[in-house]
Amino acid sequence: VTGQDGSYLAELLLEKGYEVHGMVRRSSTEKRERIEHLNGNEHFHLHYGDLADSMSIVRLVSTIRPDEIYNLAAMSHVKVSFDTPEYTANADGLGVLRILEAVRLLNLIPKTRIYQASTSELYGLVQEVPQKETTPFYPRSPYAVAKLYGYWITVNYREAYKMHASNGILFNHESPLRGETFVTRKVTRAVSRIALGMQKKVYMGNLSSKRDWGHAKDYVRAMYAILQQDEPSDFVIATGITTTIRDFLKMAFAEIGVEIIFKGENVNEVAVLNYIDEKVFIERVGEAYLDNLRKRIGDEVVGVDPQYFRPTEVDLLIGDATKARTRLGWEPKFDLAA
Ligand code: F7E
């Protein structure tokens, strides 16, 4: 519940009058900023637990006896999964099984509906463009391989035990609450810091990969809608618009009136600060910072560092959410193009 989606979903469910029980994983640097504002809400309850600890899952499910479980817990960083593959398999793969088994063991199948946070990373080396529910999977990271197990074990429990268990195959979804090492927040933070003179340059990984980005607030509404269906099923949630990392950088700088131009190739690719629309900059950032940035025209503000490359990359993601639009009546309210 301490994650981006957990906090938005908790807000949505509280608005709808739910009692919300959130699971928190104990760590020495526990981060709870995203749910701080829910502190003191009598309908919001926090519990320690861990997807790697079966007993804790059984204990929570048996005491809470929930109507709905949203499994948003995961080691969700694709690059980090290459460094911690076994842990990722345990939390993101077997963790799903632990929840399904707890519900089965406690005879809660008729009562408890389950949402599994599946991911567009399952499509990996894409077999079809755009990707929809019937597109074959081809995972390209330990993260995606673990999530593949989570996806199929959810389908299997649905078919074997008639569980109301569904997968949301969510494409990338972002917000101001997104973790700072994911690409959107890394870029928006860097642009702010460069504007304020606090940072000279940002080093990136693969600038050519394309992502279908939506807003996390829209996507938690889809999770909720999936569990309100009479029949469980799997749904792609996406915007249908794809953008390269390079264009995302250009758009982020354009927000503060700065034009950047890319030059060079591969590890030698850079972007230089080409032009400042001073009216926009003053409006968005403030006059006090303008002189400092003016001196930087012609400087490199983006570079490439291979440490951010992934051993196997997912080059292109673009989703077709027709099923969600027609069956759930879901569509995104936030619009990237706007
Ligand atoms: O990378 C490229 C990177 O880390 C997006 C997770 O929530 O969404 C997320 O997975 C793209 C990749 O997200 C940097 O190589 C370039 O092609 O923001 P990201 P992700 O890997 O797409 C899916 C749906 C999930 O399920 C995951 O849990 O951007 N990229 N340069 C970079 N990425 C990062 N992080 N940092 C860079 O410097």
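Each reported figure results from applying straightforward, stated rules to the coordinates on display, with no laboratory input. Since the structure is predicted, the reported quantities are computational estimates derived from the model, not experimental observations. Neighbour counts are summed over all protein chains in view; Cβ atoms, including those assigned to glycine, are modelled from backbone coordinates with ideal geometry.
How much space per residue, in cubic angstrom, does the convex hull of the C-alpha atoms of region 1-120 take up?
Taking the convex hull of the Cα positions in region 1-120, it is 118 Å³ per residue.
Rounding to the nearest 20 debye, state how big the charge dipole of region 28-121 is about its Cα centre with +1 on each Lys and Arg Cβ and -1 on each Asp and Glu Cβ. Each step should come with its number before you reach the end.
Numbers: 10 positive and 13 negative charges, 63 e Å.
That gives a dipole near 300 debye.
Using amide H atoms built in the peptide plane, which far-off residues or other-chain residues are under 5 Å from Ile69 H to H?
Those qualifying (amide H under 5 Å, at least 5 residues apart or on another chain) are Arg113, Ile114, Tyr115.
Just name one of Thr244, Gly22, Gln229: the one whose Cα is farthest towards the positive end of the charge dipole of the chain (beta-carbon charges, Lys/Arg +1, Asp/Glu -1).
Gly22
Rounded, prolate or oblate: which fits region 39-197, taking a ≥ b ≥ c as square roots of the Cα gyration tensor eigenvalues, rounded meaning a/c under 1.5, else prolate when a/b beats b/c?
Verdict is oblate for region 39-197.
Rg and Dmax of region 160-260 over Cα atoms: what are they, in angstrom?
Gyration radius and largest Cα-Cα distance of region 160-260: 17.5, 59 Å.
Divide the volume of the convex hull of the Cα atoms of the chain by its number of residues and quote the answer in cubic angstrom per residue.
On the way: hull volume 49.4 nm³, N = 338.
Here the figure is 146 Å³ per residue.
How do His77, His43, His37 rank when sorted from fewest to most other Cβ atoms within 10 Å of their own Cβ?
His37, His43, His77
What list of ³J(HN,Hα) values in whole Hz, one per residue of region 106-115 in order, does the Karplus curve 6.51 cos²θ - 1.76 cosθ + 1.60 (θ = phi - 60°) give from phi, with Gly and Pro shown as x?
Result, ordered by residue: 8, 6, 9, 3, x, 9, 9, 9, 10, 10 Hz.
Using DSSP to call loops (not H, G, I, E or B), can you name the trypsin sites (Lys or Arg not before Pro) in region 227-295 whose Cβ has at most 14 other Cβ atoms within 10 angstrom?
Details: sites: Arg246, Lys250, Lys263, Lys279, Arg284, Arg294, Lys295; in loops: Lys295.
Taking region 227-295 and a limit of 14 other Cβ atoms within 10 Å, the loop trypsin sites (Lys or Arg not before Pro) found are Lys295.
Would you order Val103, Val280 from fewest to most other beta-carbon atoms within 10 Å of each residue's own beta-carbon?
Result, fewest neighbours first: Val280, Val103.
Does a label point 7 Å from the Cα of Tyr87, set along Cα-to-beta-carbon, have any residues of region 39-67 with amide nitrogen under 15 Å, and which are they?
From region 39-67, the list is 50-53.
Which of rounded, prolate or oblate describes region 44-98 when judged by the alpha-carbon gyration tensor and an a/c cut-off of 1.5?
Numbers: a/c = 2.58, a/b = 2.09, b/c = 1.23.
Judged from the Cα gyration tensor, region 44-98 comes out prolate (a/c at least 1.5, a/b above b/c).
Whats the longest run of the chain with zero GluC sites (Glu not before Pro) that are DSSP loop and have at most 12 other Cβ atoms within 10 Å? Each step should come with its number before you reach the end.
Values: sites that count: Glu30, Glu42, Glu128, Glu180, Glu265.
It works out to 43-127.
I want to check the label-to-label distance for Glu180 and Thr29. Put each point 7 Å from Cα in the C-beta direction and report it in nm to one decimal.
Rounded to a tenth, the inter-label distance reads 0.9 nm.
For a 28 Å ceiling on Cα separation, which of these pairs sit above it: Lys79/Lys200; Lys79/Lys132; Lys210/Lys333; Lys132/Lys263?
Going by Cα-Cα distance, Lys132/Lys263 fall outside the 28 Å limit.
Rounded to the nearest 0.05, what FRET efficiency is calculated for Glu159 and Thr322 with R0 set to 25 Å and r the Cβ-Cβ distance?
It comes to 0.60.
Can you put Ile35, Ile282 in order, fewest other beta carbons within 10 Å first?
In increasing order of surrounding Cβ atoms, one gets Ile282, Ile35.
Taking H as built 1.01 Å from N, whose amide H comes closer than 5 Å to the amide H of Lys210, not counting residues under 5 places away?
Leu316, Leu317
Lys/Arg Cβ at +1, Asp/Glu Cβ at -1, dipole of region 53-124 taken about the Cα centre: which of Ala73, Ser56, Pro110 is farthest positive-ward?
Positive-most Cα among the choices belongs to Pro110.
Please list 3J(HN,Hα) in residue order for region 166-181, calculated via the Karplus relation 6.51 cos²θ - 1.76 cosθ + 1.60 where θ = phi - 60°; whole Hz, with x for glycine and proline.
10, 9, x, 8, 8, 6, 3, 9, 10, 4, x, 8, 4, x, 6, 9
Taking H as built 1.01 Å from N, whose amide H comes closer than 5 Å to the amide H of Ser118, not counting residues under 5 places away?
Result for Ser118 returns Gly168, Leu170.
I want the antiparallel fraction of DSSP beta bridges within the chain, as a percent rounded to 5.
On the way: 10 of 36 bridges.
Bridges in the chain that DSSP calls antiparallel: roughly 30 percent.
With the crude spin-label approximation of a point 7 Å out along Cα→Cβ, what separation in nm comes out for Glu313 versus Leu290?
Using points 7 Å along Cα→Cβ, the separation is 3.8 nm.
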